[in-house]
Amino acid sequence: MIVRKRLTVQNTIAVIVALIFLVVVLFSFSFIGRRPGAGEQFIRQGVEDTGAVNIVAAIYLNYRLFDTIFEILVFALAVIGVRFHLHAIKDKRPRLKEALFISESHIVRVAGDLLAPVVALIGLFLIVTGHLAPGGGFSGGALLGTVILLLAVARGGERVGRRLNEDVVDRLEQIFLVSIIALSALSPLFGRPFFANFFPLGEPGRLLSGGWILLYNLLIGGKVFIGIWVMMYCFIRHRGDV
Amino acid sequence: MTQLLLPVLFFITGALVLLWPRRAQLITLVAVLSSGVLVVMLAARFFDYGPISYTIGGWPAKMGIELYFDEIGLYFSALAVVLGLAVITYLWNRRMKSHFYLLFNFLFGSIYTLIFAYDLFNIFVAMEFLTLISFLLIGYPRRPYQIWAGLKYLLLSAIGMGMYLLGVAVLYYHTGALNLGIIAELVGGELTSGRMTCGLAPQYEAWVIVSSALLVTGLAVRAGIFLFSMWLPDAYSFSSPVVAALLAGLSTKMAGIILIRLAAVFPIDSVLLILGCITGILGGLYAIFSHELRRIISFSALAQVGYLLIGLGVGREAGITGGMLHLVAHGLIISLLFLAGGTAIAAVGGGSVSLLNAKRAVIPPLARLSLLIGLLALGGFPWLPPFVGRALLSGGIESGWLKAVVSLISLTGVIAIVRLLPVGYISDRNSPFFSRDSLPESLSFVVLLLPILFFFPLVRLAGIEINLGDNLIKPSMILISGILLWHLVIKERITGTLPKGILKLDWAIISLVAGFSIIYLLIGLL
Amino acid sequence: MTTLQGLLLLLPIIAIFALTRRRPLGAILGMGVFSLLLAGVYLLSHAPDVALVEVAVGAAFLAFYILAVRKKGKLMVIGDETPYLFYRKGEDVAGLEYEILRGFADKLGLDLEILFVPRQQVHKWLISEDADIGAGGVIPTTSEKSNLLISDGYLKTRLFHISSRSVDGRVAGISGSHALEEIENKNGMADPYAYFSDLCAGIDHGEIANCSVDLVRFIALDHQALTNYDIKRDSEDLCYVFTVSPGEKEIYEELNTYIKRLRSSGELDTIIARYLG
Amino acid sequence: MEWLNGVTIGVVLFVIGLLALMLRRDLIVKLLGLGLINTSVILCLISLGYYTRGVAPIITGKPGQIYIDPLPQALVLSAIVINLAILALSLVFVMILVERYHTTDSVKIAQQVEQERSHDQEHIR
């Protein structure tokens, strides 16, 4: 009874504090205007500077590549952390074999089988045209990763996981990571400052344009694809089957 | 350019650790040593030419990301090198997984970025990276309470960083820039131009108030300020000693750096002053009422942040330099304390004060000496590093009540550590200072002790004028009166603990959100 | 009101709906819908890049969380096979207790996982917290009463002591009771419990001399010839219960309220009638 | 209806996330609330830059078009990924805790953690 009483006090305070926050922030946000022409310089010079039509990609992979490197590192760290820490959880498969396992999930396999190639194609398309149209390495790679989930649903997680030769995948992931970081540090060899594009810019609008944005999209796409695959497999393995 | 090389170096070595896990230790050592060389090169250029600015990729600062090397960078990169070396030597004989070294390398990469960062969003990204690394480091040995402490840390700092990003959003839409230098010009310009909007005086414009309140709240969570970072005591005292040393010595200090940079831009002096007083006094009180070595150190770490904030709040040159130097000095001291404390606790088999005092003969002598020096330094013993910062700081303070508060914080600091001083008492002279088994550990203590003992001359070498004689009397008096107070008055009366509720997750979040409103009101009113 | 505004207005409604769900799975699915809607908002706000990333990341996020929650959501039931109450039926499990537990697991939103082990191992599994609920016609022994959490009874039962007329030999008990423990001590047998199928075989071959069985097992045995045995009916009224792992106070309380509700709604009687006539 | 824009909704969502974090004891729901907080900030960033007659920042060369500010969109891409990383990692930590204590209730976990730590003095190394 005492616990419940104290809890309501806590909840009341929490609600009051949150409401004050709401009022304070909404009040001051109502006075906030917008500086006209912010970001105009990117629109004006973006295509000329980077050769990419999609200015978001130009900023993401050229003007502010340093931030993106951090983002890729954060993602890599998430994959590493998930793998490292999920080992703390027992892999329960041996016990499940002797048990009579009852699961409620009945999933349509055909849909998974049909959808998977379509989604994979979309993902690849997004990666390759990242500098021309919306998309790019991350969304494409993550979509490719969800193809793995679709396959896992359609054919069982274990079969998809078996394809995952851990050594090869590890190596591949590391190589992607190293090359993403190292590529930006190669610039001085071509007489450019660090993190500056040293590829030819090409004619804007063509597939082969935008300097190294295409290459970066491919690398990031590969990295994210493998990363999501590995994470998904870890989650599947340490809980049983999809 | 060297600014950029430092983080990139550590990212590449981190990736190399992934590729060759067996050579992890060696790669990390090489990385730390070469970072030392780079820092020396940077420092040499700094002394010749003054602050160095570098925009990544050669774009103008408005479009690209700027890295900026100034005094702050000088002191903190030196701190990072020393700490890195100390931790590597401490771990030399222990078999850590390559995972740890990977995190270590990435940690240093993000720390060097943050030391030089001058772009608000770059700060956000690097800070989030640092959060995740610290989180993984806290949970690295995978014991449940460490996992829980890590989770608490992550939840709170993620809320904080969410607020920070909201503040960045407001700033960007108002100024059209993310670079702190440009924003400073605009804020300053609009402040002096006297343009009136929404009927308020110019510096109280809504966007300045709300964005600076959001930014400060976000950073306060990371910086170890009372009410905001209640994850800190658990995270420091549950994680393994090396991790605690890295967290307390470097990771938490980064938010302090950003606060120093922000204080130069926004009108947040008085808020920081008040937060500093609260943090200092409450942290000190909690430290007095704790009964475990690592808890005491953790809470005193909270209290010590108070000096930085007061220094920033005073706003004068001496105050800011004092606060900053105090932060560096405290980084050295606290990592020494955590490392030596880890050795001591491992030798004794428990971390409570009474146990440590009773079994102190078991503790290796050098660890005991390091503990003694560290504790004395925390108490403000003259000549030892934190003293330098405090002396400068009190030189910058003029108002009477502030002087009283600073003295009170020092006094609580002394009282908190008096109980532990007997640990350092060396009774048997026979046990050797260096034994072969513990050589790496002893070496790491020496690595940390050297800059601590020679902090004063080093600071003077760096060109900061400080007079030892003038500032001797007051700290000594505080030290002596603290010891006397403890032995004569307090000793037997402290049995219980202060309310622990605020350390619980839910209350920590509530106090964080409430803290935002307080900061907002203070910025708006003062 | 534009489409964008309509979508925006939906967002907090869905968020509140999702975050007030009792079951985490519901919350996660709600947030999945939220993420899709958000992608729509981004698309309408002229941010197609962000919308695509949101879709892709939302899918991955949903997958991780569903996998994680399913990992958490298992109700591990362990017990001896018992006729009428808890038995294998082809690939599936059936029985009175199974129906109760099935409904209980559905109510908690957990997957039911079932493992059949000999009666004497149930105790061990529950103590080590490898399993949550012990089932299979349990009549608690004194040691179980002191170590485990014992749920409310759901069915009245009685003990039958069967003894061979010829010689006294091995003792086999199926369900623990006070009477059984006494026999156990007198004869000092090491292995008083057996699988029910072993017991049937033992009685068939005349290897088992004395044993105590509970009502349902007695009924099942009665179909076989118990002609060579003396049957004594214990006067004590007992109840079938579930045993719950001592760490699972919450499950224990939920189970008790669930049984109470089944009884008061009359559902329990219909299930009992279905299995025991 | 001018007030009904992404910024207002974003702030409201932020508060809903905070409330979920403060009021709900289930750790999974807490994490979802955290995700909501970060998402709401992203929504604010996008909506602050929105204007009705703008076009997505993909240069088509047609004259007279007003492009939306591309910088926040590029920033947001990083923020979303960081959000995913945080949620995935904290989920793993929650799974470890659930594996150990068989509950997702944060209060109960905190209590048991406290107990366990007071028994375990071996946490030094």
| request: Using a 10 Å cut-off on Cβ to Cβ distances, tally the other chain neighbours for every residue of B:155-164 and report the average as a whole number. | output: 6
| task | Largest first and to the nearest Å, give the Cα extent of chain B along each principal axis. | result | 73, 57, 47
| task | With all protein chains present, calculate the accessible area of B:Tyr90 using a 1.4 Å probe and round the result to the nearest 10 Å². | result | 0
| task | With a ≥ b ≥ c taken as the square roots of the eigenvalues of the C-alpha gyration tensor of region B:1-265, please select rounded if a/c is under 1.5 and otherwise prolate if a/b is larger than b/c or oblate if it is not? | result | oblate
| remark: Under the rule rounded for a/c under 1.5, else prolate if a/b exceeds b/c, else oblate, using alpha carbon gyration tensor axes a ≥ b ≥ c, region B:68-180 is classed as oblate
| So what is the accessible area of chain B per residue, in Å², with the probe set to 1.4 Å? | 31
| query | Of the peptides B:298-307, C:43-52, how do they stack up when ordered by the mean number of other Cβ atoms within 10 Å, highest first? | reply | B:298-307, C:43-52
| query | In Å², rounded to the nearest 100, what is the total accessible surface buried by chains A and C against each other with a 1.4 Å probe? | reply | 2700
| Of B:Trp401, B:Trp383, B:Trp507, which has the most accessible area with a 1.4 Å probe, and how do the rest follow in descending order? | B:Trp401, B:Trp383, B:Trp507
| D:Tyr50 - accessible surface, heavy atoms, 1.4 Å probe, Å² rounded to 10 | 60
| task | Please sort by residue number the GluC sites (Glu not before Pro) in region C:75-142 whose DSSP state is loop and whose Cβ has at most 12 other Cβ atoms within 10 Å. | result | C:Glu91
| query | Rounded to the nearest 10 Å², what accessible area does A:Val23 show when all protein chains are kept and the probe is 1.4 Å? | reply | 100
| request: Please pull out the direction-averaged projected area of region C:3-72, using the convex hull of its alpha-carbon atoms, in nm² to one decimal place. | output: 4.4
| Counting every Cα pair in region B:1-54, what percent are over 16 Å apart? | 46
| Assigned charges on the beta-carbon of Lys, Arg, Asp, Glu; the protein assembly as shown dipole about Cα centre (debye) | 1240
| Over region B:268-495, equivalent-ellipsoid semi-axes from the Cα gyration tensor in Å | 30, 21, 14
| message | Could you identify which residue out of D:Val41, D:Val15, D:Val55 has the top mean-square fluctuation in a GNM of chain D using Cα springs shorter than 10 Å? | response | D:Val55
| query | Hey, what do the phi angles of region B:167-179 turn into as Karplus ³J(HN,Hα) couplings, whole Hz, using 6.51/-1.76/1.60 and θ = phi - 60°, x for Gly and Pro? | reply | x, 4, 4, 4, 4, 4, 5, 8, 10, x, 9, 10, 6
| query | On a 0 to 90 degree scale, rounded to 10, what angle separates helix D:27-48 from the longest Cα axis of chain D? | reply | 20
| request: Heavy atoms only, probe 1.4 angstrom, no DNA, RNA or ligands counted: give me D:Asp26, C:Asp269 ranked by accessible area, highest first. | output: C:Asp269, D:Asp26
| query | In deg cm²/dmol and to the nearest 500, what is the mean residue ellipticity at 222 nm of the protein assembly as shown if only DSSP H runs of at least 4 residues count, each as -39500 (n - 2.57), divided by the residue total? | reply | -21500 deg cm²/dmol
| field | Sequence-separation-based contact order of chain B, relative, with Cα cut under 8 Å and 6+ spacing, percent | value | 15
| note | Quick numbers on region D:47-118, Rg and Dmax over C-alpha atoms in Å, give 22.7, 71
| remark: Long-range amide H partners of B:Phe226, meaning residues 5 or more apart or on another chain whose placed amide H is closer than 5 Å, are B:Thr279
| request: Order C:Phe218, A:Phe66, most accessible first, counting only protein heavy atoms with a 1.4 angstrom probe. | output: C:Phe218, A:Phe66
| query | If you add up the charges near B:Tyr153, with Lys and Arg at +1 and Asp and Glu at -1, over every other residue whose beta carbon is less than 12 angstrom from its beta carbon, what do you get? | reply | +1
| Which three extents, in whole angstrom, do the alpha-carbon atoms of region B:237-311 cover along their principal axes, largest first? | 39, 25, 13
| Average projection area in nm² (convex hull over Cα atoms of region B:355-468, one quarter of hull surface) | 8.6
| request: Pull out a ≥ b ≥ c, the square roots of the eigenvalues of the alpha-carbon gyration tensor of region B:1-95, then state rounded if a/c is under 1.5, prolate if not and a/b is larger than b/c, and oblate in the remaining case. | output: oblate
| said: Among B:458-471, B:34-47, how do they line up by average Cβ neighbours within 10 Å per residue, starting with the highest? | reply: B:34-47, B:458-471
| remark: Shielding of B:50-63 by other chains, given as the mean Cβ count within 10 Å, works out to 4
| Using 7 Å Cα-to-Cβ label points, what is the A:Leu189/B:Ser352 separation (nm, one decimal)? | 6.2
| remark: Semi-axes in Å, largest first, for the protein assembly as shown (Cα gyration tensor, √(5λ)) are 56, 39, 28
| How many Cβ atoms of partner chains, on average, are near each residue of A:125-132 if near means within 10 Å of its Cβ? | 1
| said: Going by amide H atoms built from the backbone, whose H comes under 5 Å of the H on B:Thr55, apart from near neighbours? | reply: B:Leu67
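The values are calculated or read from the model by the stated rules, or taken from the named source; none is laboratory data. Note that the structure is predicted; figures quoted are calculated from it, not measured. Using ideal geometry, Cβ is built from the backbone for each residue, glycine included, and neighbour counts are taken over all protein chains shown. Just the protein is used for accessible areas: all its heavy atoms, side chains included, with ligands, DNA and RNA removed. Shrake-Rupley method; radii C 1.70, N 1.55, O 1.52, S 1.80 Å.
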